[in-house]
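Below is one structure, written out as structure tokens; comments come after it.
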């Protein structure tokens, strides 16, 4: 079986990071887990360390900063596949093996398309915003994906490392920037439909972030 590491970017996710770790382990597939603590002020670090997973602290704020630092270390990792999944328990870990099924053979990167949304998992505004942003991405990059802002990705390890040296986004522009890079490299991007659960606590994505994401997609396309 391919060696897999699951990377969990986390900022103040004390309510859910332990649940995500436990759910991944319940798969019984021997995946290694790395929690990337993005300067949390709650008990995220304490919970991660207590569960005995790999742990990386990144002080510079922003999901993009956390993932760039984590992926930079992939140069020395002895892994074939890297999975990125948000630590807020909205993405069921049961989809990870499905994401990996065709990785490296049919696809270089596979995304989790949030097709089956449980009631309350996404506001009407966010649904519409994600639809528009995805349509913009498809128009700009000649793609047919359904969810450019998803927080569940699987990469061949070499592409995780390649991304680490190019990413500039610090916050929620991370996913569209990754998508733009991968498309420019002419990589094979696949996706699978997944279920999306309501998050515990306050949503971190707002309308202004949607505008920044749109600008990121446009900027990267014409660079």
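Before moving on, here are some points about what is shown:
- Yes/no for residue 24 being outside any loop (DSSP other than H, G, I, E, B), out of contact with any strand residue (DSSP E or B) (no Cβ under 7 Å at 6 or more places or on another chain), crowded, with 20+ Cβ neighbours inside 10 Å and modelled with pLDDT of 95 or more: no
- The set of residues from the stretch 80-98 being in a loop (DSSP other than H, G, I, E, B) and surrounded by 19 or more Cβ atoms within 10 Å (Cβ to Cβ) comprises 86, 87, 88, 89, 90, 91.
- Under the condition of being in contact with a helix residue (DSSP H, G or I) (Cβ under 9 Å, 6 or more places away or on another chain), more than 18 Å from residue 157 (Cα to Cα), touching a residue at least 24 places away in the same chain (Cβ under 8 Å) and outside any helix (DSSP H, G or I), the residues counted in the stretch 58-79 number 2.
- Of all the criteria given as (1) surrounded by fewer than 16 Cβ atoms within 10 Å (Cβ to Cβ); (2) more than 18 Å from the chain's Cα centre (by Cα); (3) over 19 Å from residue 212 (Cα atoms); (4) touching a residue at least 12 places away in the same chain (Cβ under 8 Å), the one not satisfied by residue 49 is (4).
The values are calculated or read from the model by the stated rules, or taken from the named source; none is laboratory data. Owing to the predicted nature of the structure, the values given are computational and were not obtained by experimental measurement. Please note: Cβ atoms are built from the backbone with ideal geometry, for glycine as well, and neighbour counts cover all protein chains shown.
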